[in-house]
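In what follows, a single structure is set out as structure tokens and then discussed.
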Amino acid sequence: MFGKSLNLFKIFGFQIKVDVSWLIIAVLVTWSLAVGFFPHFIEDLSPMGYWILGVIGALGLFFSILFHEFWHSWVARNYGVPIRGITLFIFGGVAEMEDDPQSPKSEFWIAIAGPLASIFLALVFFVLYNAAQFMGLGAAGIILFMYLALINTILAVFNMIPAFPMDGGRILRAVLWKWKGDQRWATRIAANMGSMFGLVLIGIGILNMLTGNVVGGLWYFVIGIFIRYVAQNAYRQMMIKSAVAGARVRSLMKRPVYVSPDITLARLVEEYVYQFHFKMFPVVDQGKLLGCITTRQIGSIDRHQWGDTLVRHVYIPCSDNNTIHPNTDILYALNRMNQEGQSRMMVVDNGILMGMISLKDIMGYLSARMEIEGDRSFSD
């Protein structure tokens, strides 16, 4: 989902990150508040005063989204769902869960925690807004509290729309999952709702652009595409999860083709890379797995040095990035490969090379399972 992210700080063990795309929305929000919102409600401020209020308002939005996602993360962690961190990006924020909730109850409370947090903040800022009026504080403070109360109300209401991936869509999935006892069916219904909602936003965007509101229309259009993509992808992920349920790496691993640490890179290229077309080869010495060597490593070394450079001088030692246990769940293995950017991993048990598992093997297995068992289309 994200591009390059910047680590900001940690709070209660959660790594807070901001995707570079969020800087775009931060600038747009600051600008719109400084030249549109605050001048409409407050007169006679200097241009610098409006920009200062705009920055404070944008920081308030930053805090509000972070508070919303923090409570998703807090409740998820209490239900045993690992959280990689919280990332702010152009469409808001997201608590990065490493796995789906394991029950309708946990799904419900994780999903509803965010909107409840936003409602709480809206009430707090509404109380401050009324208190500021009662105490006769300046117009700037009064309008700022009004804006923060309003924005948190909008966050709560928008997120409660019953369309995946909105919080309301996750709540809908939890309710349907509890009712039917079928997470896959519940995901399909919630995802279809999300897909349709995305189409509605795309339609609104096109209509706005045709009537002259190009910027606003384009924003609706892009958000609609994003929501539709995430909704459809959620159901595909559920299909994959169902297809690989119970399958282990052991059942898909292939016999390994390994190399000795004492051969030259020139021989490795001629006798192994060009023959087997693999991008990674395990390095084994007298039955002991030492690590692996990749075509990327070979390519980083001057070709004229291949004849004099041994594999043992450049191989990568074994690590969690390139090895996996044979009893590992296939879905976990797939996620590991995606996270590590690996297309092949060595299957290792007690330091012994048992085989190799590749992304191609896993995807072939998924394709065969879905073809044999069949599945209703996304739009059913």
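The values are calculated or read from the model by the stated rules, or taken from the named source; none is laboratory data. Since this is a predicted model, take the numbers as computed values, not measurements. Every residue, glycine as well, gets a Cβ built from its backbone with ideal geometry; the counts of neighbours run over all protein chains shown. Accessible surface areas use protein heavy atoms only, side chains included; no ligands, DNA or RNA. Shrake-Rupley method; radii C 1.70, N 1.55, O 1.52, S 1.80 Å.
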Worksheet, complete the sentence: Among residues of the range 168-183 being within 22 Å of His72 (Cα to Cα) and open to solvent by 10 Å² or more (accessible area, probe 1.4 Å), the residue modelled with the lowest pLDDT is Gln183
Worksheet item: Quick one: Leu59 ticks every box in (1) crowded, with 17+ Cβ neighbours inside 10 Å; (2) closer than 21 Å to Ala156 by Cβ bar one, so which box is it?
Response: (1)
Worksheet entry | helices (runs of 4 or more DSSP H) completely within the range 208-275 that count 1 or more residues being modelled with pLDDT under 90 and within 24 Å of Leu289 (Cβ to Cβ) | 249-252
Worksheet, complete the sentence: Note on the range 275-294: residues exposed (fewer than 12 other Cβ atoms within 10 Å of the Cβ) and under 37 Å from the mean Cα position of the chain (by Cα) are Phe276, His277
Discussion item. Tell me the residue from Arg296, Arg312 that is of a type in the set (Lys, Arg), touching a residue at least 40 places away in the same chain (Cβ under 8 Å) and assigned to a helix (DSSP H, G or I), please.
Written reply: Arg312
Item to complete: Identify all residues within the range 1-34 that are open to solvent by 60 Å² or more (accessible area, probe 1.4 Å) and within 17 Å of Trp219 (Cβ to Cβ); write none if there are none.
Response: Leu23, Ile24, Val27, Leu28, Trp31
Discussion item. Quick check on Val269: is it open to solvent by less than 20 Å² (accessible area, probe 1.4 Å) and either in contact with a Phe, Trp or Tyr (Cβ under 8 Å, 6 or more places away or on another chain) or of a type in the set (Ser, Thr, Tyr) (or both)?
Written reply: yes
Fill in: Counted residues, the range 62-91 - those being assigned to a strand (DSSP E or B) and buried (at least 17 other Cβ atoms within 10 Å of the Cβ)
6
Worksheet item: So which of Asp44, Asp100 ends up being of a type in the set (D, E, K, R) and either assigned to a helix (DSSP H, G or I) or surrounded by 16 or more Cβ atoms within 10 Å (Cβ to Cβ) (or both)?
Response: Asp100
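This table checks each residue for (1) within 27 Å of the chain's Cα centre (by Cα); (2) aliphatic (A, V, I, L, M).
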| site | (1), (2) |
| --- | --- |
| Pro115 | yes, no |
| Ile119 | yes, yes |
| Phe134 | no, no |
| Ile151 | yes, yes |
| Leu155 | yes, yes |
| Gly168 | yes, no |
| Gly181 | yes, no |
| Ala186 | yes, yes |
| Met196 | yes, yes |
Worksheet item: Given the structure, is Thr309 more than 30 Å from Pro165 (Cβ to Cβ), polar (S, T, N, Q) and surrounded by 18 or more Cβ atoms within 10 Å (Cβ to Cβ)?
Response: no
Worksheet item: Would you call Gly203 of a type in the set (Gly, Ala, Ser), on the phi > 0 side of the Ramachandran plot and either assigned to a helix (DSSP H, G or I) or surrounded by fewer than 20 Cβ atoms within 10 Å (Cβ to Cβ) (or both)?
Response: no
